[in-house]
Protein chains: 2
Amino acid sequence: MQRLRVKGGGFHYDVEMGRGAWRSLRQFRDAGYSSIFIVTEKLLWQRWSKLFLRDSGLRKARALFVPAGENSKSLNMVGRVAGKLLECGADRRSLLIALGGGVVGDLGGFVASTYMRGIDLVQAPTTVVAQVDSAIGGKTGVNLGAMKNLVGSFYPPRLVVAEPLVLTSLAPRAFRSGLYEIVKHAILSGRTLFRELEEKLGSLPSSNISALEPILASAAKVKVDVVSRDEREAHLRLVLNLGHTFGHALEEVTAYRRFLHGEAVGWGLLLIIRLGERLKLLRPRDAERMARLVRQVGPLPPLRDLDPKRVLRLLPRDKKAIGGRIQWVVPERIGKVRIVTDVPPAEVAGAFHDVRQTA
Amino acid sequence: MQRLRVKGGGFHYDVEMGRGAWRSLRQFRDAGYSSIFIVTEKLLWQRWSKLFLRDSGLRKARALFVPAGENSKSLNMVGRVAGKLLECGADRRSLLIALGGGVVGDLGGFVASTYMRGIDLVQAPTTVVAQVDSAIGGKTGVNLGAMKNLVGSFYPPRLVVAEPLVLTSLAPRAFRSGLYEIVKHAILSGRTLFRELEEKLGSLPSSNISALEPILASAAKVKVDVVSRDEREAHLRLVLNLGHTFGHALEEVTAYRRFLHGEAVGWGLLLIIRLGERLKLLRPRDAERMARLVRQVGPLPPLRDLDPKRVLRLLPRDKKAIGGRIQWVVPERIGKVRIVTDVPPAEVAGAFHDVRQTA
């Protein structure tokens, strides 16, 4: 078990990571909450509720189910969950636990941040991406049309509990998808985690919890460090967007049907690595090493049939764009990125063309 | 012109109140915003846009219209406004001005607090209630079904600008409705404002701006003082709920069709005054004086035909209820209220019965 501390302006909370992390939830059993709710997905709950309730001791907590999938990240679903909470008697002193992947965490977090103007929230992430990334840092949100997280909030949870055992029930593709975010964190953080991944990534099954745990903790620490230095993403936090500018456009152009989020980030990393090389910000040797690590995760869904114009047109709609100018996070070397706002469109198109060739 | 300062944990903002208040918006013209949007209602904009644009100097700002009425306070409308903002190119450095009454302020504030996880907000209230109460203090929200403000946020604006001239175009009933909230503030604040109202309230037309201005400023100051001492309403801020526990139930039981919000608060004040008297917390002489001031505002829509059981059943659903217990804000004397949580249901029913007799 590792405990990482997130510090922000006026608040802090812990990330408990490792086997038995759910036991930390026992502190909430007699903490004076009027009621405790768990927003989750039905299949996940069927598989893990027994362990969750035993470890957490929260036997009186009530589970509320949302359908699996990105479509649940909608204002409509916010209304449905809030309505259900009201019906079940949730009030301002209720606690909401979001038990699930990025969808449940983002939706549940947004509901907690807005239900009666904010109730206490615990994130209990159950996917790789959620454990090392999305459940940490207080970002919540829902999509509007094709625009991801257009409506959301910054809302620090009381606690994050990441139990790696749940990862054993992930489908192999979903598990691998999360590894792309770990690669992203390795590129941001530096040689130690990067080398560890180079050694282990190819042979890391979700069932090998003891090999997984230290990698998850190192990857989560990257996120914790960044958000602790900058709770709102205006500045430093932007680096976490590495690979996501292209990634979001790929998800959007395929209506979120082709790529898992991590897979879109995987392509996004390959694209931004290539862009860095084209801009001569990144040496070919480092670019190759980074790209090799991305490829090592496994096969990615095809890119080749996508219309470059349609993809490129979606780029300026990225939420991090300011006045229509994209803030590109470009790797310079392992452990270092640079924000670049004046990338010539021809170079962006060129990078897309180059990577698409190899797809 | 009066300037009041709201201070909270980690932020502060000014409330500019009086003729010419919109001129304070000039500071935003060259403040580096990528774009400026005004969420408002069409009729209001037609009537006041010329003065607003001239005083504020914000000629490049773009108006977005929402339909008048409480129904616009919905998650659906949040999605529509956010979609429109996206379509018009709003990004994280955009400014949103909510120009309107409580509905526009609550909805616009919520949109600003959640669009791309929060953009800058200015409140430009145009009704009495909004100028002295709802636009101050950072509360935003939308309704869910019949539950008012079930989904919302605490989100301090950059500035509040209250131009009393707009009140001259209010319908007489809408204008009067706001005076009930001023009476509420007078009961909370003490004898000075209370006496001033006793002298002037009967003969205060919306057209008499110079007589109105100091009263608006005194009433707004009550709100500023309370929220500055307690930005989140857990404690002190609860006193502002005076008259609202009954008021919300009355609005809900009539599906928001019969009473304007202030009118429901008017009845709510009469009911809570009577309850205070029944509980022997409030002396008959003070109760009478308070009730007289409420009645002085003008006629209220009928109460007599409402089923007491249906009204009383809605009371525990008030958002301020904790574990199903209502936190009653009961006047003890002019300038003093007490929070009471253990009011016998028979006394509540009795107060409703008594006031209903007189309706």
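The values are calculated or read from the model by the stated rules, or taken from the named source; none is laboratory data. If you're wondering where the values come from, they're calculated on a predicted model, not measured in any experiment. Here the Cβ positions follow ideal geometry from the backbone for every residue, glycine too, while neighbour counts run over all protein chains shown.
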* Asked: Which residues, counting only those in the stretch B:256-284, are among the hydrophobic types (A, V, I, L, M, F, W, C) and closer than 14 Å to B:Leu303 by Cα?
  -> B:Phe259, B:Leu260, B:Ala264, B:Val265, B:Trp267, B:Leu269, B:Leu270, B:Leu271
* Which condition breaks for B:Met17 when tested against (1) in contact with a Leu (Cβ under 7 Å, 6 or more places away or on another chain); (2) without any contact (Cβ under 8 Å) to a residue 40 or more places away in the chain; (3) of a type outside the set (Ser, Thr, Tyr)? -> (2)
* Which one of these does A:Leu193 not meet: (1) within 14 Å of chain B (Cβ to nearest Cβ); (2) touching a Lys or Arg at 6+ places or on another chain (Cβ under 9 Å)? -> (1)
* To do: Sort out which residues of the stretch B:101-125 are closer than 15 Å to B:Glu41 by Cα and more than 14 Å from chain A (Cβ to nearest Cβ), and write them in order of number.
  => B:Gly101, B:Gly102, B:Val103, B:Val104, B:Gly105, B:Gln123, B:Ala124, B:Pro125
* What number of residues within the stretch B:47-81 satisfy the criterion of being at the interface with chain A (Cβ under 9 Å from one of its Cβ atoms) and surrounded by 22 or more Cβ atoms within 10 Å (Cβ to Cβ)? -> 2
* Could you check, for the stretch A:163-182, whether at least one of its residues is touching a strand residue (DSSP E or B) at 6+ places or on another chain (Cβ under 7 Å) and either in the same structural domain as A:Pro331 (by TED's automatic domain parsing) or of a type in the set (S, T, N, Q) (or both)? => no
* Structure fact -> Among B:Ser206, B:Ser218, the single one that is in contact with a helix residue (DSSP H, G or I) (Cβ under 9 Å, 6 or more places away or on another chain), assigned to a loop (DSSP other than H, G, I, E, B) and either in contact (Cβ under 8 Å) with a residue 40 or more places away in the chain or more than 25 Å from A:Met116 (Cα to Cα) (or both) is B:Ser206
* Asked: For the stretch B:249-257, does any single residue satisfy the condition of being within 14 Å of chain A (Cβ to nearest Cβ), in a helix (DSSP H, G or I) and surrounded by 15 or more Cβ atoms within 10 Å (Cβ to Cβ)?
  -> yes
* To do: Tell me, yes or no, whether the stretch A:77-94 has at least one residue that is at positive phi and under 24 Å from the mean Cα position of the chain (by Cα).
  => no
* Asked: Among the residues of the stretch A:336-343, is any within 14 Å of chain B (Cβ to nearest Cβ) and at pLDDT below 95?
  -> yes
* When you look at B:Glu198, is it among the acidic types (Asp, Glu), in contact (Cβ under 8 Å) with a residue 60 or more places away in the chain and surrounded by 17 or more Cβ atoms within 10 Å (Cβ to Cβ), yes or no? -> no
* Selection from the stretch A:151-166 of residues that are assigned to a strand (DSSP E or B), surrounded by fewer than 24 Cβ atoms within 10 Å (Cβ to Cβ) and within 14 Å of chain B (Cβ to nearest Cβ) -> A:Ser153, A:Phe154
* **Number of positions in the stretch A:275-289 that are touching a residue at least 60 places away in the same chain (Cβ under 8 Å) and crowded, with 24+ Cβ neighbours inside 10 Å** => 1
* Subset of the stretch A:259-283 (residues that are of a type in the set (A, V, I, L, M) and touching a Gly at 6+ places or on another chain (Cβ under 9 Å)) -> A:Leu260, A:Ala264, A:Val265, A:Leu269, A:Leu270, A:Leu271, A:Ile272, A:Ile273, A:Leu275, A:Leu282
* **Flag for B:Val311 being aliphatic (A, V, I, L, M) and touching a strand residue (DSSP E or B) at 6+ places or on another chain (Cβ under 6 Å)** => no
